[in-house]
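> Mind having a look at this structure? Questions to follow.
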Amino acid sequence: MRRFRRFCRTRGSRSLEGIPLEASVNSITPEAVHAVDDAYILDVREPAEVVEARVEGAAHIPLGDLVERVGEVPDDRTVYVLCRSGARSGRATEFLAAQGVDAVNIEGGIIEWYQRGLPIVSGE
């Protein structure tokens, strides 16, 4: 858990690989998602990141696998998309919306989730 706390204090960001986010991506605060009964949360981080800390019950499909595995994402309910800081999940939200999925980006990712005092499961 200490490693994750240090990780949350870092402000570095990963490259968006030149793919701009559309301003129209739907987003929601971590607190609002946490208040949704039976929310379907899709974590698009890499496996090593998920081992470090995760939201209990979240589905996991790394962003790099999402195109191939989009059929695993439900299209009959809202999908709340999570990453480290909101950048990758924003790209995933945009992609899923283009596929007809009601997808919503979780603002600030798991860092914001944790900083707001919401529950996480730690790998340590």
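> Could you list, in sequence order, the residues of segment 26-44 that are out of contact with any Pro (no Cβ under 8 Å at 6 or more places or on another chain) and closer than 18 Å to L63 by Cβ?
Within segment 26-44, N26, S27, I41, L42, D43 meet the criteria.
> A follow-up question, please. Looking only at segment 34-53, which residues are closer than 14 Å to L118 by Cα and surrounded by fewer than 20 Cβ atoms within 10 Å (Cβ to Cβ)?
H34, A35, V36
> On to the next question. Go through G108, G117, G123 for me and flag whichever is modelled with pLDDT of 95 or more, of a type in the set (G, A, S) and either touching a strand residue (DSSP E or B) at 6+ places or on another chain (Cβ under 8 Å) or more than 17 Å from E56 (Cα to Cα) (or both). Quick ask: steps written out before the conclusion?
Working: G117 fails: either touching a strand residue (DSSP E or B) at 6+ places or on another chain (Cβ under 8 Å) or more than 17 Å from E56 (Cα to Cα) (or both); G123 fails: modelled with pLDDT of 95 or more.
Just a single option satisfies the conditions, and that option is G108.
> Okay, next question. Among the residues of segment 84-105, write down those that are touching a strand residue (DSSP E or B) at 6+ places or on another chain (Cβ under 7 Å) and at negative phi.
Here is the first cut: in segment 84-105, the ones touching a strand residue (DSSP E or B) at 6+ places or on another chain (Cβ under 7 Å) are 86, 89-90, 92-93, 96-97, 101-105.
Scanning segment 84-105 gives S89, G90, A92, T93, L96, A97, V101, D102, A103, V104, N105.
> On the basis of being without any contact (Cβ under 8 Å) to a residue 40 or more places away in the chain and of a type in the set (V, I, T), does I61 make the cut?
Details: without any contact (Cβ under 8 Å) to a residue 40 or more places away in the chain: yes; of a type in the set (V, I, T): yes.
Against the criterion (without any contact (Cβ under 8 Å) to a residue 40 or more places away in the chain and of a type in the set (V, I, T)), I61 qualifies.
> With a cut-off of at least 2 residues that are surrounded by fewer than 23 Cβ atoms within 10 Å (Cβ to Cβ) and in contact (Cβ under 8 Å) with a residue 40 or more places away in the chain, name the helices (runs of 4 or more DSSP H) lying wholly within segment 64-124. If you could, list the steps in order and put the result at the bottom.
Details: elements: 66-69, 87-98, 109-115.
Helices (runs of 4 or more DSSP H) meeting the threshold: 87-98, 109-115.
> When you scan segment 84-124, how many residues do you find that are more than 11 Å from the chain's Cα centre (by Cα) and of a type in the set (S, T, N, Q)?
Within segment 84-124, residues that are more than 11 Å from the chain's Cα centre (by Cα) and of a type in the set (S, T, N, Q) number 3.
The values are calculated or read from the model by the stated rules, or taken from the named source; none is laboratory data. The shown structure was predicted, so the numbers you read here are calculated from the model rather than taken from an experiment. Backbone-built Cβ (ideal geometry, glycine too); neighbour counts: all protein chains shown.
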